[in-house]
Amino acid sequence: MAKVAKRKQTSKGLRLEVVNPNAAGIDISPKEMQVCVPSDRDGECNRTFGVYTEDLHYIAEWLKACRIDTVAMESTGIYWLPVFRILKESGFEVILVNASDVKNFSGRKTDASDAEWLMMLHSYGLLKPCFQPENIARTMRNLVRHRDNLIRSASREVLHLQKAMEQMNLKLDNVFSDILGKSGQSVIKAILNGERDPKVLADLADPRCRTSKEEIEKSLHATWDEEHLFEMRQSDSLYQFYQQLIAECNAKINEIAMQYSATVDAPKTQLLRSEKYNAKKNRIGFDIEKVAFELWGVNVMRIPGMSRGSLLRLVGELGADFTTKFVDVKHFVSWANLVPNNKISGGALLSSKVPKKKNPVA
């Protein structure tokens, strides 16, 4: 956890203490890295480096030669990620700060001055670090977010499929609660294979379907326009392809989760399962309840309203040791954007609203 600023009483009044004497600052851009260390560590204490992988390793080597322990950098797009990972792997304490928090302090705007200002603020403990998981937890986060993107892409193809059917007046969504279910998929496959007889198509519906065969048959009288059938075929192919990618992503997440669990101490208690229903739609494909229990030592699935999908996102976003990176639970819920931002002036509450910023954990 990053050190916070300390004040010291002197004969001339209160002064800030240097709490991070071995601090460095990095100003990040797409084409170069500006790195600043204390002036007593090197004759050229404010250097410009490239952004290629070998340059990032040079930065780590130079910081080690300058006896640097902790590094501060701005959250500039995604350009900070490679240098962040390399510095973490090299053993540095790296904190990421919101660029808007530093901007208020800046005077003359240059890359060198920004790096120096970051270094100085960090040495006095004046920077508030953003929450960042460990590198292996970040791997989980990247895969979980990628899985969510695949699910959204698959959902878009379902909408395209429904649009094509609606333009042919094919009313499957009126008679089936889910066209991705057993009955809906059987009928759609038959249509794409060339079947047009409404009675034959209606007979493909599962006997447990609540809608009568007569009404299903009525919904299957369509115009069968060639261009919309072509759209249906392509949308269905894309949806099936995305389902295959999601299954592969599930397997990869499970592999990383097993590696991650092996790095954490085993829980001291036995897993008491929640016995919640495991939905078939977007099923994760592995025991995320067990994985989360091995990481945290408690079964979060027993929380009312918690689903396996939500639990997977929490594991991906937080990692195993997130509790050590917050001072207390109040700081955590504030970071998750679950509490209002109270604005008080003159003893009066001016406003109390939850900020509109997004947090996947929330």
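Read-outs: derived from the displayed coordinates by stated rules, not from any lab. Bear in mind the structure is a predicted one, so any value in this text is a computation, not a measurement. Cβ placement follows ideal geometry from the backbone for every residue including glycine, while neighbour counts extend to all protein chains displayed.
Look at 18, 144, 71 and count the other Cβ atoms within 10 Å of each Cβ; fewest to most, that gives 18, 144, 71. Taking the square roots of 5 times each eigenvalue of the Cα gyration tensor of region 288-362, largest first, gives ellipsoid semi-axes of 30, 13, 10 Å. Estimated at 0.36 nm per residue, the fully extended path between residue 29 and residue 99 surpasses their Cα-Cα distance by 24.0 nm. Placing a label point 7 Å from the Cα of residue 237 along the Cα-to-Cβ direction, the residues of region 123-164 whose backbone N falls under 15 Å of that point are 161.
Taking 0.36 nm per residue of separation and subtracting the current Cα-Cα distance, fully stretching the chain between residue 344 and residue 193 would add 47.7 nm. Against the set (i) -0.58, -0.64, -1.03; (ii) -0.38, -0.49, -1.10; (iii) -0.23, -0.32, -1.09, the structure's computed log10 I(q)/I(0) by the Debye sum over Cα atoms at q = 0.06, 0.07, 0.13 Å⁻¹ falls on (ii).
Counted residue by residue at 0.36 nm each, then reduced by the alpha carbon distance between them, the extension gain from residue 330 to residue 58 reaches 94.0 nm. For residue 33, nonlocal amide neighbours, meaning residues 5 or more places apart or on other chains whose placed amide H falls under 5 Å from its own, are 49, 50.
As a proxy for reagent exposure, ranking 311, 238, 350 by other Cβ atoms within 10 Å from fewest up yields 350, 238, 311. Residues 301, 120, arranged from fewest to most other Cβ atoms within 10 angstrom of their Cβ, appear as 120, 301. Run lengths n ≥ 4 of DSSP H only: what is the helix-derived mean residue ellipticity at 222 nm for the chain, with -39500 (n - 2.57) per run over all residues, to the nearest 500? It comes out at -14500 deg cm²/dmol, rounded to the nearest 500.
According to the Cα-based calculation, Rg over Rh for region 85-229 is 1.39, with Rh computed by the Kirkwood formula. Pairs from the table (281/358; 31/64; 325/358; 128/290) lying more than 30 angstrom apart at Cα are 128/290. Taking the Cα atoms of region 147-207, the ratio Rg/Rh between the radius of gyration and the Kirkwood radius comes to 1.00.
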